[in-house]
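Trainee: Can you read through this structure? Questions will come right after.
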Amino acid sequence: MKISMWNLYNRLPCADAVPMIRDGSPTITCARWIVTSQLNPDAVYIGRKRDFFDTIKDDVLIVHRYDMILVKNADPEELFNEICSIIEEFSHWDYQLAQCMRKDDGLQKMLDLSHDILPYPCYIYAPDGSALAISSHYDSTIHWHWKEILENQGLPEERFRYLKDFIQLTYIFRDTFPTLRSAKNDSYQYLHCNLSAHGTIIGHFVLFGFLHPIESGTEYLMNHLVVWMTRYVGRHFEQFSPASRLSQALAPSLTSGHYDQKAVAPLLQELKWNDSDHYQFFLFQENVKGEPVLLTKVYQNLTDQLSGAIIFIAGQQLTVLVNLSRQAASPYDSGWLKPILQDNFLCGISSTFTPLPNCCLYYRQAQEELDRCHREGLLCSNAMTHGFSYYRSLLLKDPLALTYVSHELLYLNHYDTQHGTSYYNTLKIFCLCSFHMSDTARFLSIHRNSLTYRLNKIRELIDFSLFDRMISRPDPETMIYLFFSIFIIDNSTADRQS
């Protein structure tokens, strides 16, 4: 591994060491004497100061690229051996981390092995606040916040919500490199960095400066540990992923639009679910501009509440596929939806459907309803209540739709606009009442004779043969065509009509 001049300086057992470090990046892999014919850019060099400066003092220079450390009154050979030991210590640490890749509790073992290298209280918590690993070398007396973490094995829900509101966790969750931050209501500093695998944030690594200030260069060592931990969670992704085996099999089908019967069928059998059960999608997004904060907490809560559901997180979206045939109560009666919406989440809900291979289509429907929430400022949008508006938008997308409507109905609509009559509405109701005179007159609240008069006036304006045929021999296909014509005319904009 490569270390920084700061890491050397922090571990030198010399009281009179003076750092003159301008860069401090982690680029050191070995040590060499400064008197050499060739320079290695990854080596740190040690030599007597008086060999290069006009001085009689027995000081030693440690030089690496743009960085130097001056150690006063030191023996160069002893210092050389000390630096070689430090480099070897870091190399051995790197080797030990590599051995943890095959361990069952790798994150905890890596943290324990790093105590001598990173002598700070550290812990790693999942996005829902639960601890994945905690430093075992520090007791609860070092700080009240550390006591809280130990007692709750992570962040309690009240603390998690407080941090979300007051320290903008949504932006802290973007840290991809150890970032130094100061506690808002206390005097300590901490380093924070995400642990990610396959595009998913698995956890958050926090190193606290409760006992002493965080030394320069610590962020490079923490990052080296994060790299190994990231490899570990990537290799053991199933252990840390919020998705079950079934959700992992189903998720690619939803995004690709192709249902993988072969992968899903054996898992359905294990759950004793059937393709013919009734299902419904609920898609959630946290209504924040940055990274979601409570998304995984909601996932954990729903996992505990919903036994008949497939729940997984993909990106910044929580997907819940409820098996309505296996739920004791409907999603609306069980009361789990309301608290999520109160936590500032948006929800898109599909229609109920069966069989399960139709899931790709109904997932798209739930996604459309979630998009509707964003467009129209809704907290929740249910596809079962937006059928009319969807078909309206679908029919009016193509400007040609208006050209295919019944010419007779369209002409009457224009005529009424110009002359202030109501002939289009009369003929429309006549169609919708299946050409029954009494029902039409009752619907329009007029006498049957008045309806007859209006229809005769309409006959003078348009070719009435199509409607005469429908009165004598109703044709379902023509009836549907007239219904669509009425629908498009009524829902077209004034600009389109003109």
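Trainee: Looking at (1) open to solvent by 10 Å² or more (accessible area, probe 1.4 Å); (2) within 22 Å of PHE160 (Cα to Cα), which is the one condition that is false for GLY335?
Mentor: Status for GLY335: all satisfied but (2).
Trainee: Would you tally the residues in the range 398-421 being touching a helix residue (DSSP H, G or I) at 6+ places or on another chain (Cβ under 6 Å) and free of Cβ contacts under 8 Å to residues at least 24 places away in the same chain?
Mentor: The number of residues fulfilling the criteria is 1.
Trainee: Given the structure, is LEU246 touching a residue at least 12 places away in the same chain (Cβ under 8 Å) and out of contact with any Leu (no Cβ under 6 Å at 6 or more places or on another chain)?
Mentor: no
Residues checked against (1) free of Cβ contacts under 8 Å to residues at least 12 places away in the same chain; (2) among the hydrophobic types (A, V, I, L, M, F, W, C); (3) in contact with a Pro (Cβ under 7 Å, 6 or more places away or on another chain); (4) closer than 26 Å to ARG11 by Cβ:
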| position | (1), (2), (3), (4) |
| --- | --- |
| PRO121 | no, no, no, yes |
| TYR125 | no, no, no, no |
| ALA133 | no, yes, no, yes |
| PRO156 | no, no, no, no |
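Trainee: Can you name every residue in the range 341-366 that is under 24 Å from VAL288 (Cβ atoms) and either open to solvent by 50 Å² or more (accessible area, probe 1.4 Å) or of a type in the set (Val, Ile, Thr) (or both)?
Mentor: GLN342, ASN344, ILE349 - these are the residues of the range 341-366 that are under 24 Å from VAL288 (Cβ atoms) and either open to solvent by 50 Å² or more (accessible area, probe 1.4 Å) or of a type in the set (Val, Ile, Thr) (or both).
Trainee: Do we find a residue being at pLDDT below 90 and open to solvent by 50 Å² or more (accessible area, probe 1.4 Å) anywhere in the range 381-389?
Mentor: yes
Trainee: So which residues in the range 406-457 are open to solvent by 30 Å² or more (accessible area, probe 1.4 Å) and aromatic (Phe, Trp, Tyr)?
Mentor: TYR411, TYR415, TYR423, PHE443, TYR453
Trainee: Which one of THR296, THR303, THR319 is modelled with pLDDT under 80 and closer than 21 Å to GLY348 by Cα?
Mentor: It is THR303.
Trainee: So if I check each of THR385, THR417, which one is over 26 Å from LEU346 (Cβ atoms) and of a type in the set (Ser, Thr, Tyr)?
Mentor: THR417
Trainee: Something else: Which residue pairs have Cβ atoms under 7 Å apart, sit 6 or more places apart or on different chains, and have a first residue in the range 263-290 that is within 30 Å of ILE172 (Cβ to Cβ) and a second that is hydroxyl-bearing (Ser, Thr, Tyr) and modelled with pLDDT under 95?
Mentor: Qualifying pairs under 7 Å: LEU283/THR319; VAL288/THR170; GLY290/THR170; GLY290/TYR171.
Trainee: Restricting to the range 369-390, count the residues that are touching a residue at least 12 places away in the same chain (Cβ under 8 Å) and in a helix (DSSP H, G or I).
Mentor: Matching residues across the range 369-390 total 9.
Trainee: Looking at the range 213-226, I want the residues that are outside any loop (DSSP other than H, G, I, E, B) and have a partner that is of a type in the set (Asp, Glu) and surrounded by fewer than 22 Cβ atoms within 10 Å (Cβ to Cβ) with Cβ atoms under 8 Å, at least 6 apart or on another chain. Which pairs are those?
Mentor: Going by the 8 Å Cβ cut-off, the qualifying pairs are HIS224/ASP94.
Trainee: Pull up the range 272-290, narrow it to residues that are open to solvent by less than 10 Å² (accessible area, probe 1.4 Å) and among the aromatic types (Phe, Trp, Tyr), then point me to the one that is farthest from the chain's Cα centre (by Cα).
Mentor: Among residues in the range 272-290 that are open to solvent by less than 10 Å² (accessible area, probe 1.4 Å) and among the aromatic types (Phe, Trp, Tyr), the one farthest from the chain's Cα centre (by Cα) is TYR279.
Trainee: Residues of the range 191-210 being touching a His at 6+ places or on another chain (Cβ under 8 Å) and outside any strand (DSSP E or B), which ones?
Mentor: Within the range 191-210, PHE210 is the sole residue that qualifies.
The values are calculated or read from the model by the stated rules, or taken from the named source; none is laboratory data. Computed from a predicted model, the values in this text were never measured in an experiment. As a convention, Cβ positions derive from the backbone with ideal geometry for all residues, glycine included, and neighbour counts pool all protein chains shown. Protein only, heavy atoms only, side chains kept; ligands, DNA and RNA dropped before computing areas. Shrake-Rupley method; radii C 1.70, N 1.55, O 1.52, S 1.80 Å.
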